[in-house]
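The block underneath contains the structure these notes are about, expressed in C-alpha cells.
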Amino acid sequence: FSSSAPEGPERVIDATDPWGAGWQLPGGLLRESIRSIRRADLLILTRCDAVSDRERAVIRDRARRLAGHDRWVESRFAPTCLARHGQPDEPVGNLSGKQVLAFCGIGNPDAYWTTLESLGARLLDRRSFPDHHGYTRDDIEALAAWARSHPNADGFVTTQKDAVKLRDCWPADAPEP
C-alpha cells in the first residue's frame, strides 16, 4: 500500500463469496456483520482473478454503498512455491500435470481446489475440514490412510496453514503432505 492509503481498519472481501451467505460464523462465513463494513477505511477484494469483471463491478458497487466510500484495492492470490518441511522450496510449476490428493481446513476450500487446478494439478481426490480445524490424532490417521490408499498419486498437498499443524505428528510411513 502507498503512504497515501488511509490508516485504520481494513475489510477483506472474498470475491468468490463476498457476503458469506449473509450469515456470521458459525452459520455463515462472515466474521462480523455486513454492516460493519462502514468502519473500514479501506476495502480489499481478494481472489479478483476468480470472478468476471462484471461480478467485481457488482461487488464493488454494493461495497461502496455499504461502506459509504470508494477506497478500494483488488488483489489475487499467487502461489510462489511448493514448501515441504525440512526440504528446499520447489517451483509451483512442478504441480503441472501431476495427479494429486489435496486437503485443507480453510474457509473457502473451493478456491483452494481452483488454485491447484490453475497450476495444472489434476485432483484425484480432495477433503476439506472446517476453517481453523484443529487436527486430531484420528484425523491424522485417516488422512495418512487416505494417502496410502492412493499409491499412484504423484503428490499429497495441503495449505501451508494446515501443514504447520501436522508437521510434528505426521506418521513416518505415510506420504508427506
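A few remarks follow.
- Length gained when the stretch Ser52-Leu124 is fully extended (0.36 nm per residue, less Cα-Cα span): 23.2 nm
- Sparsely packed GluC sites (Glu not before Pro) within segment 1-101, loop by DSSP, other Cβ within 10 Å at most 10: Glu7
- Rounded percent of accessible protein surface that carbon and sulfur make up, the chain, 1.4 Å probe: 49
- Candidates Ser149, Ser75, Ser118, ranked by Gaussian network fluctuation over the chain, Cα under 10 Å, top entry: Ser149
- Whole-Å distance, taken between Cα centres, linking segment 46-65 and segment 78-99: 30
- Of Ser149, Pro175, Gly105, farthest towards positive along the dipole that unit charges on Lys, Arg, Asp, Glu beta carbons give the chain: Gly105
- Charges were assigned to the Cβ only: +1 to each Lys and Arg, -1 to each Asp and Glu. The resulting dipole of segment 10-120 about its Cα centre is roughly 460 debye.
- Val164 contributes an accessible area of around 80 Å² to the protein surface, as traced by a 1.4 Å probe with all chains present.
The values are calculated or read from the model by the stated rules, or taken from the named source; none is laboratory data. Nothing here was measured: the structure is a model prediction, and the numbers come from that model. Please note: Cβ atoms are built from the backbone with ideal geometry, for glycine as well, and neighbour counts cover all protein chains shown. Ligands, DNA and RNA are excluded from the accessible area calculation, which covers all protein heavy atoms including side chains. Shrake-Rupley method; radii C 1.70, N 1.55, O 1.52, S 1.80 Å.
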